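Right, one structure below, let's go through it.
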Amino acid sequence: MSIVTVQLGQCGNQVGQELFEVISNDANDTQRKVYSECSSERFFNETANRELVARSVLIDMEPKVISQSIAKTAKSGKWRYGDRSHFSQKQGSGNNWANGYCVHGPRHEEVVMDIVRREVEHCDCLAGIVAMMSVAGGTGSGVGTYVTQCLRDAYPNSFILNHLTWPYGTGEVIVQNYNSVLTLSHLYQLSDAILVHENDTVHKICAQLMNIKHISFRDVNKVIAHQLGSVLQPALTGDSHGIYNRNPIGELMSSLVCHPEYKLLSVCNIPQVSSSSMAYSMFTWPGLLKHLRQMLIANSKMEEGIDWQVRAPSLQPEGIKRTGSHRRPGFNTSLANLLILRGKDVNNAEISGFQHPSLYTPWLPADEAFSMWKTPVPFNKYEKSAILVSNSQTLLRPLDNMVGKAWNMFASRAYIHQYTKFGISEEDFLDSFTSLEQVISSYSQL
């Protein structure tokens, strides 16, 4: 089964390009034929000349980034984008969600959806669609939301995973919190799951773990692509009987999204080191998984600076109902977790620490809340790597902060006229705030 990616706006297209760069290394790996063929079928069409063509649609309201991506990948010799799989214009969305959603989206709907349909028709069987976008600007967020709405209408029975890049907290765009509120509230009604990467977190990984002195957007995007590729590449599920998972998007949803009120997914992985340090680094499964478990319960986004004082709460004696009041301060409660292990001696990894009921909300049995995928094939030059995709309270604080900042601006009516002139009313804003306050309340009560 195949995945079609839809890359939207500058950020979505740049992250998408880095993702295919990482994946193409596995798709071209002739030493692991079964894994390589599965990876290739999932992400690429193969031409009569044995060229790998990405199953991807590129959309932006400005031509520069798409033109650069197409030219660069064509020169790589490993893979390329399709000749007719992109759409761009010469006027951006001005960092305005309303301009993207109300103007550019409807204006170009027909041509964009025609490109998507052609890409889907190249798939023997569609596993799902991954829409990649930022929430800060106008095209990624506004056009991205509108295209997601069109995808839901056109493919009502297909899985849609939205991958969102969250802006820096210090601000890239002055109205980024408005754009983020409008994007998230609409996608919550449309998407099956929303996988979030925070720029602040990824920047810290680049600086503290990768030892990059002058961090570029490409450095950030490469870290995001590595984590995303770790999730989407082939792996063996518990009941796959030695056959790589055919429907990764569907299995991701069934593992992590058991209730429509809880759709926010975060991802962290270990180890992450600079390429120069990799040759001198030794990792063991007990060490990796001990750190990853503590990263989960202490809500630490990387292995450096983990708070080891945070402990899982004690289980209540049988017959006594376990409630949120028994949760310890700083403890990150999970609804569901998916652990993905890749590399040498993977069958020897001890995972019981992730199965303990104390990690999870009391209303879902732990055996239903935890899933594991694995493969002995290493990923992206790491001999061993562990990836955790979590539906938990991890994103609660950044979501609450973002909604709070947007509300403070809205209360003073700052920049509202920039949205109303394109057709987004104050009532639309209020509906979006209400929707996200409900999400915040639901995650707070886990």
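Before moving on, here are some points about what is shown:
- Comparing Cα centroids, segment 33-72 and segment 393-446 end up 36 angstrom apart.
- Residue among Met295, Cys206, Ser2 farthest towards the positive dipole end of the chain, charges placed on Cβ: Cys206
- Dipole in debye (nearest 20) - segment 404-446, about Cα centre, beta carbon charges: Lys, Arg +1; Asp, Glu -1: 220 debye
- Assuming charge only on the beta carbon of Lys and Arg (+1) and of Asp and Glu (-1), the dipole of segment 227-380 about its Cα centre is about 200 debye to the nearest 20.
- Residue among Phe331, Asn348, Val34 farthest towards the positive dipole end of the chain, charges placed on Cβ: Asn348
- Loop chymotrypsin sites (Phe, Trp or Tyr not before Pro), segment 233-302, which have at most 15 other Cβ atoms in a 10 Å radius of their Cβ (DSSP): Tyr280
- Relative to one another, the C-alpha centroids of segment 124-182 and segment 241-293 are positioned 23 Å apart.
- Of all lysines in the structure, the ones whose alpha carbon falls short of 16 Å from that of Lys213, not counting any fewer than 8 places away in one chain, are Lys204, Lys222.
- Think of each Lys and Arg Cβ as +1 and each Asp and Glu Cβ as -1; about the Cα centre, that makes the dipole of the chain roughly 940 debye.
- Per residue, the accessible area of segment 1-159 comes to 41 Å² when a 1.4 Å probe rolls over the protein heavy atoms.
- Calculated semi-axes √(5λ) of the Cα gyration tensor in Å (choose from [x] 41, 25, 20; [y] 35, 29, 19; [z] 32, 29, 20), label: [z]
- Where segment 305-446 is the region considered: accessible area per residue in Å², 1.4 Å probe: 49 Å²
- Largest-first ellipsoid semi-axes for segment 82-166, taking √(5λ) over the Cα gyration tensor eigenvalues, angstrom: 22, 15, 11
- Global form of segment 399-439, assessed from the alpha-carbon gyration tensor, a/c cut-off 1.5: oblate
- Nonlocal Lys pairs with alpha-carbon distance under 29 Å, segment 298-446 (8 or more apart, or different chains): 10
- Here is how the number arises for the chain: DSSP H runs of 4 or more residues each give -39500 (n - 2.57), the sum is divided by the residue count, and the result at 222 nm is -12000 deg cm²/dmol.
- Estimated translational diffusion coefficient (Stokes-Einstein, Kirkwood radius over Cα pairs, 37 °C, 0.692 mPa s) of segment 214-265: 249 µm² per second.
- Partner aspartates and glutamates for Lys64 [C-alpha distance under 20 Å; skip if fewer than 8 residues away on the same chain]: Glu18, Glu21, Asp83, Glu172, Asp219
- Karplus-based coupling profile of segment 190-199, in residue order and whole Hz: 10, 8, 7, 7, 10, 9, 10, 10, 9, 4, with θ = phi - 60° in 6.51 cos²θ - 1.76 cosθ + 1.60 and x standing for Gly or Pro.
- Solvent-accessible area, 1.4 Å probe, carbon plus sulfur percent, for segment 42-191: 46 percent
- Packing here is the average count of other Cβ atoms within 10 Å per residue, and on that basis the peptides 146-159, 347-360, highest first, run 146-159, 347-360.
- Two-decimal Rg/Rh across segment 112-239, once Rg and the Kirkwood Rh are taken from alpha-carbon atoms: 1.01
- Those aspartates and glutamates that a straight Cα-Cα span of less than 18 Å connects to Lys290, excepting residues fewer than 8 apart in one chain: Glu303, Glu304, Asp307, Asp345, Glu350, Glu383
The values are calculated or read from the model by the stated rules, or taken from the named source; none is laboratory data. Quantities reported herein were computed from a predicted structural model and do not represent experimental measurements. FYI the Cβ positions are ideal-geometry reconstructions off the backbone, even for glycines, and counts take in every protein chain you see. These area figures cover heavy atoms from the full protein model, side chains too; ligands, DNA and RNA do not enter into them. Shrake-Rupley method; radii C 1.70, N 1.55, O 1.52, S 1.80 Å.
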